[in-house]
1. Would you list which lysines come within 19 Å of LYS201, measuring only between C-alpha atoms, while excluding same-chain residues fewer than 8 positions from it?
2. Starting from the 7 Å offset along Cα-to-Cβ, what nm value, one decimal, do you get for the label separation of LEU4 and SER81?
3. Mind listing the phi-derived Karplus ³J(HN,Hα) values for region 145-153, rounded to whole Hz, using 6.51, -1.76 and 1.60 with θ = phi - 60°, and x for any glycine or proline?
4. For region 45-194, with the dipole built from +1 on Lys and Arg beta-carbon atoms and -1 on Asp and Glu ones, taken about the Cα centre, which of LEU70, VAL192, LEU177 lies farthest toward the positive end?
5. Sort region 118-207 into rounded, prolate or oblate with this rule: let a ≥ b ≥ c be the square roots of the eigenvalues of the Cα gyration tensor; rounded if a/c is under 1.5, and if a/c is not under 1.5, prolate when a/b is larger than b/c, oblate otherwise.
6. Using only Cα atoms, find the angle between the long axis of helix 80-96 and the longest principal axis of the chain, and express it within 0 to 90 degrees, rounded to the nearest 10.
7. For the Cα atoms of the chain, what angle does the longest principal axis make with the long axis of helix 104-115, in degrees from 0 to 90, nearest 10?
8. Just add up the charged neighbours of SER16: K/R +1, D/E -1, any other residue whose Cβ is under 15 Å from the Cβ of SER16.
Amino acid sequence: MLILKLESFDELKVISLFHLIGLGLELYKVKMGSWAYPEPAFTKISGVPLYSGFMYAGVASYICQAWKRLDLRFKNWPKNSFTYPIVILIYFNFFTHHFLPDFRWVITVILIFVFFKSSVTFKVNTLKLGKVNTYRMPLLLSFILIGFFIWIAENISTYFGAWQYPNQKLAWHMVHLSKISSWFLLVIISIVIVANLKKLKYPDYFN
């Protein structure tokens, strides 16, 4: 995609960062028994295939592509003094909830206050030649919708054995609905990092 100029070098750096963030989370979660990759592979490290990091990188790539193709603009984007701490808190809660209380619902309440006034506008081409419609969506709703569709993809992936949760060892079961909240939080990490990098070069995208 870089060679074909579908993504820029800056976007490659963001995607690579997410690969490392995701791989680190996968190594820890598999060790803790949250899920497993049962199939043998030549590229496994501590039971985690290297491709697992690309799943998180794929989310970052989607955000970068959506930014360009949908011409995203943000209104009432929160200050860095709010977004940076919340992202750090979200990421570390994925690690610490194994031996400390899970604060995801507390974090979610904080997110509602932080992003309540925030919205995103995007442009979509219609079937009418040259016709472009602009839409606006509450930012929190976009986080939830992206998390929901990743959850659908996760159900498809586990059905075909890409990985499995403990309750899927004997037979496949639908991934628990609570996982939508996990993806919701991971999407926020992704968008905040991409948005703040974009803000350095394109401050007019934010108002």
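What follows is calculated from the coordinates using simple rules that are stated; it is not laboratory data. Please read all numbers here as calculations on a predicted model, not as lab measurements. Because the Cβ atoms are built from the backbone with ideal geometry, glycine has one as well, and the counts that use them run over all protein chains shown.
1. Hits, sequence-local ones excluded: LYS5, LYS13, LYS68, LYS75, LYS79.
2. Those two pseudo-labels are separated by 4.5 nm.
3. Taking θ as phi minus 60°, the curve returns 5, 5, x, 5, 6, 5, 4, 4, 4 Hz for region 145-153.
4. Projecting each Cα onto the dipole axis, the largest value belongs to LEU70.
5. Prolate.
6. Tilt of helix 80-96: around 10 degrees.
7. 10
8. Here the count lands on -2.
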